[in-house]
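This report refers to the structure that appears directly beneath it.
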Amino acid sequence: MDFMKQALILARRASAHGDVPIGAVIVHDGKIIARGENRVQQRRNPTLHAEIVAINRACKKLGQKFLDECDIYVSLEPCAMCATAISFARIRHIYFAATDEKGGGITANARIFETDRHLWRPMITQIPQYAAESAQMLRDFFKARRNK
């Protein structure tokens, strides 16, 4: 299964209900155990980013607070809040499609994993073949929002 494609499907779903199009899936033993899309606007809660939604669902599914045998696939580079939550959840590997020059917490701005203060550092991999699709979805979303 193409896990990043699944994250992009969730991003489209987020956009359909008025949220920024970002999706995330968490994988354990080669299977998706949790999915999440942004729900900030839908639920009027600034913490309900796709990654947080997926982490909450994965912890509930596995009945544990640490997800150290899990990987997360996200359509956009996680922000500082989400990257820190991923670290706290001890997720093994972050895969993301597009970088986020304005709000990214890994390659841009906060660069939270470049400090020695994180107890858990996941492996990080960008999957560039999905970057253009994810970035275009975001550009289209914000263009439509500006035109309203």
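Derivation of every value follows stated rules applied to the coordinates shown; laboratory data play no part. Remember, predicted model here, so these are calculated numbers, not experimental data. A quick note on method: Cβ atoms are made from the backbone with ideal geometry, for glycine too, and the neighbour counts reach across all protein chains shown.
Quick notes on this one:
- At R0 = 25 Å, FRET efficiency that the Cβ-Cβ distance of H93 and Q136 yields, to 0.05: 0.50
- The range 41-129: GluC sites (Glu not before Pro) in DSSP loop, at most 11 other beta carbons within 10 Å: E101
- Taking a straight Cα-Cα cut-off under 17 Å and skipping sequence neighbours fewer than 8 places away in the same chain, the lysines within cross-link reach of K31 are K5, K60, K61.
- Förster radius 35 Å - calculated FRET efficiency between D29 and R146, Cβ distance, rounded to 0.05: 0.25
- Among C79, C70, C59: highest mean-square fluctuation, GNM of the chain, C-alpha pairs under 10 Å: C59
- Note on the chain: GNM, Cα springs under 10 Å; of M137, M81, M123, the largest mean-square fluctuation is that of M123.
- Considering only T125, T99, T115, the mean-square fluctuation computed in a Gaussian network model of the chain, springs between alpha carbons under 10 angstrom, is largest for T115.
- Taking the DSSP bridge list for the chain and keeping only pairs wholly inside it, about 55 percent are antiparallel.
- Taking the DSSP bridge list for the range 16-96 and keeping only pairs wholly inside it, about 75 percent are antiparallel.
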